[in-house]
Each structure stands twice: as structure tokens, then as C-alpha cells.
Amino acid sequence: MRQLWLGLLAAIGIFIGVTDTRAQSCTDYLQRQLLTMDSNASSCGASAQMMRTAPNLNNPTSLRCGEPLSARSNQWTQLEQCARVYACASMTYRCALNANPGGPANGSACSSAMSSCLARIGVPR
């Protein structure tokens with residue numbers, strides 16, 4: 001369980017700041033982050049394919065993306081919360097990619113697209 005929560009904290013940390021974005025386009029950065037979210041979902045039992053195709057995992061309302069993480073401690077709930085974080089993060093990156101921001105990853109267009117999508121979709125914290 002400790003590893004699960006550490007994984008969740010790491011996923012949330014991705015939204016706090018962009019890591020090394022020098023010489024990266026916004027699109028490249030967002031695509032890489034989207035792949036990372038889909039790949040990391042496997043630590044919660046959700047496959048990358050499921051992340052892209054499952055109706056409940058692609059709907060911010062059904063996932064309650066804007067709601068905080070639950071403090072309930074049973075193992076099933078923790079796995080569910082883990083998958084919820086990655087699914088919401090994936091939707092947020094996909095939203096920003098669809099906005100098609102140009103320029104560098106640390107540019108204002110990229111930041112604006114991410115901020116807008118994060119405000120609209122949300123990621124449980």
C-alpha cells in the first residue's frame with residue numbers, strides 16, 4: 001500500500017511543475033506525459049488500452065475528477081483511487097493536446113492549455 005500511495009503522490013507531482021522542458025515542443029511534452037499516465041495506470045490494475053477505451057475511464061463526471069481523493073483505507077478503494085488519478089491526468093493531457101498549443105513546453109501557450117484543461121477536468125489530490 002505504501003508504494004501505491006507513493007505512486008499517487010508522484011503522479012500528482014507531475015502537475016505541480018514541468019520537469020526539464022528545454023528544447024521540447026509542447027506537443028512532444030504532452031504526448032510523453034500522456035503515455036506516462038497510461039503506462040503508470042498499470043500499477044493500479046488499469047491497462048493503457050483500458051485507459052483509452054473504457055467509457056467510465058474517459059468521463060470526468062463519472063470519475064469525479066474534480067473531487068479529492070478518498071481517505072478510505074481498504075485495498076480496493078486505494079486501487080480505485082489510483083486508477084482515478086491516472087485516468088483524470090490522462091484526460092487532462094489529452095485535452096491539452098487537443099487544444100494544439102504551439103511553441104516550447106515551457107511557453108505560455110502550453111501552460112495556458114494545461115491550466116485550462118486542469119481547471120475544466122481536474123485531477124484528484
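One decimal place: the segment Ala109-Glu67 gains 12.5 nm when fully extended, by the rule 0.36 nm per residue minus the C-alpha distance.
Taking only Cα atoms of segment 81-125, what ratio of Rg to Rh do you get with Rh as the Kirkwood inverse-distance radius? Reported Rg/Rh, Kirkwood definition of Rh: 1.02.
Ranked by the mean number of other Cβ atoms within 10 Å per residue, highest first, peptides 106-118, 28-40 order as 28-40, 106-118.
All of the numbers you see were taken from the coordinates with simple rules; none came from a lab. Bear in mind that the values here come from a model prediction, so they are computed numbers and not experimental data. All Cβ positions, glycine included, derive from the backbone under ideal geometry; neighbour counts span all protein chains shown.
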